[in-house]
């Protein structure tokens, strides 16, 4: 079943000259799928994620969710941000309960829900701490718990592990696949890390930059749980790297001075 | 020997960090020596003053001895009604401060949230802030007399603009990412203001509170010294007028004590309530 339908979407930021962030994007995202947007910086992958989340509107074309155009942020969508973006003045528990607080759910109930999701992401007992007391990886876990707390149908994740160290990152990836396999909630995941994309995705959408366009879509039908360093995984990575280099040469040629 | 050191290093980290406090005791000893030295210096200074005044080598209108200053307190309390004047000065300072805080933050929020209001009213505010407040005190005396409201208004004027501009600056500091989080959760405009924008401005507003807490007392005293019927500034004027130097020093000591208490109250408020998260 198609969850998101993206039909010939353009996103142009006004200015002189106007910046074309996305050009003619058409893509459908299936329910329960783990899809990864991969590409170099400036390829519009984060912009597309923001279109899906309703934080931005397309300049042209349409993005629909369950067949209805997206007009703004929606409770069925949980967003996980780059470097977690927790509120520094609130405790971890209050941060996780933030979405529930905004929708007017009582203090006791949202506290319970927050603690439940803190348990789920392995942060039991850290609810009373403040964000600056936690490590980067723990903050990002709290960010995921916050997105899960409103029980969205979809998780939209914008380079969520970009700011944590490699070892933590690998661990978080494994935990995320674990969480995902529990209930197969659709995940749209943005990254510029090829290894991360190959390890996580059912499908990888490779973007090319300036203007952002869909370059290649890779179907990843490797069995789960995946083992890091698995030969098939490495073969896939190498294929993606080749395509990435091709993309780079292409855009370099296109932007070369005449 | 080697056995002991091996044992030492193999101890779990938690045990070692627990002991760190005990090992730090030499520092405490050093600290108390420091304290002892400071007390000694203070005592020497006080004794020198005492001797200089008692022996008559410094005239009593210039300097009062510590014992004279102490002796001035009962006089101030029972004959000159110190507590009443203290009450007057503190109420002026507090009321002026409260007005400056509420109106200043309200103006700041309005201007911080509505760019157009800021563009339009900004220059007027800057112009008004640029007026040296002391120069209009005689005018204010003409408008408001020399009583309570005159002082409250002067304290208000000394504080208002700082609250306005610090609130605007605080609102500008709001993190774009936090706004995004709120919007992604479908926050209303009011919720964005109360849950994101205002909390972001709190550190900046607290900085103004800290600045103003000291300033409002100064403003009240200053206004009282210029023209007044009551208050500590008025008492100071009268004591100076009759060359009662001991009372002047006693009043200065009282005011200093109040200022210190104020600062520690603000510190406590900041650590326990408004910026608790920064101190944990």
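Since every read-out is calculated from the coordinates, none of them should be taken as a lab result. Just so you know, these numbers come straight off a predicted model, no measurement behind them. We place every Cβ from the backbone using ideal geometry, glycine too, and count neighbours over all the protein chains shown.
Treating only the Cα positions of segment B:169-234 as identical point scatterers, give the base-10 log of I(q)/I(0) from the Debye formula at each q in 0.19, 0.26 Å⁻¹. Reported log10 I(q)/I(0), two decimals: -0.73, -1.00.
Just to be sure I understand: if I project the alpha-carbon convex hull of chain A onto a plane and average over all orientations, what area do I get in nm²?
Values: hull surface 60.0 nm².
So the Cα hull casts an average projection of 15.0 nm².
In chain A, helices alone account for a calculated mean residue ellipticity at 222 nm of -11500 deg cm²/dmol, with every DSSP H run of four or more residues adding -39,500 (n - 2.57).
Note that chain B, at 10 °C in a medium of 1.306 mPa s, gets a Stokes-Einstein diffusion coefficient of 68 µm²/s from its Kirkwood radius over C-alpha pairs. Here segment B:126-243 is treated as an ellipsoid with the same Cα gyration tensor; its semi-axes, largest first and in whole Å, are 41, 14, 11. Can you grab the distance from the C-alpha centre of segment A:65-105 to the C-alpha centre of segment A:192-230, Å, no decimals? Their Cα centres are 26 Å away from one another. A simple spin-label model places the labels of residue B:119 and residue A:103 3.8 nm from each other, with each point 7 Å out along Cα-to-Cβ. Shielding of peptide A:79-89 by partners, expressed as the average count of other chain Cβ atoms within 10 Å per residue Cβ, is 5. Label point of residue A:66 set 7 angstrom out along Cα-Cβ; within segment A:157-194, amide nitrogens under 19 Å from it belong to A:183-188. Going 7 Å from the Cα of residue B:73 along its beta-carbon direction, which residues of segment B:242-269 have the amide nitrogen within less than 19 Å of the resulting point? In segment B:242-269, the label zone of residue B:73 (backbone N under 19 Å from the point 7 Å along Cα→Cβ) covers B:245-262.
Taking chain B as a Gaussian network of alpha-carbon nodes connected by springs under 10 Å, the highest mean-square fluctuation of the residues B:253, B:40, B:208 belongs to B:40. Largest GNM mean-square fluctuation among A:217, A:204, A:144, using chain A with Cα springs under 10 Å: A:217. FRET efficiency for the pair residue A:59 and residue A:151, taken as 1/(1 + (r/R0)^6) with r the Cβ-Cβ distance and R0 = 41 Å, rounds to 0.80. Over chain B, Cα pairs under 8 Å with separation of 6+ residues give a relative contact order of 23 percent. Counting neighbouring Cβ atoms within 10 Å and putting the fewest first, the residues A:71, B:92, B:212, A:248 line up as A:71, A:248, B:212, B:92. Simple spin-label estimate for residue B:275 and residue A:246 gives 5.6 nm between the two label positions (7 Å along the Cα-to-Cβ direction from each Cα).
Taking every DSSP beta bridge that has both ends in the protein assembly as shown, the antiparallel portion is near 50%. For chain A, the longest principal axis of the C-alpha atoms and the axis of helix A:231-255 are separated by about 60°.
From the Cα gyration tensor of the protein assembly as shown, with a ≥ b ≥ c the square roots of its eigenvalues, which class applies: rounded if a/c is under 1.5, or else prolate if a/b is larger than b/c, or else oblate? Because a/c hits 1.5 or more and a/b exceeds b/c, the protein assembly as shown counts as prolate.
Considering only A:198, A:142, A:246, the Gaussian network model of chain A with Cα springs below 10 Å gives its largest mean-square fluctuation to A:246. The DSSP beta bridges internal to chain A are antiparallel in roughly 50% of cases. Here the gap between residue A:26 and residue A:128, fully extended at 0.36 nm per residue and compared with their Cα-Cα distance, gives a gain of 32.3 nm.
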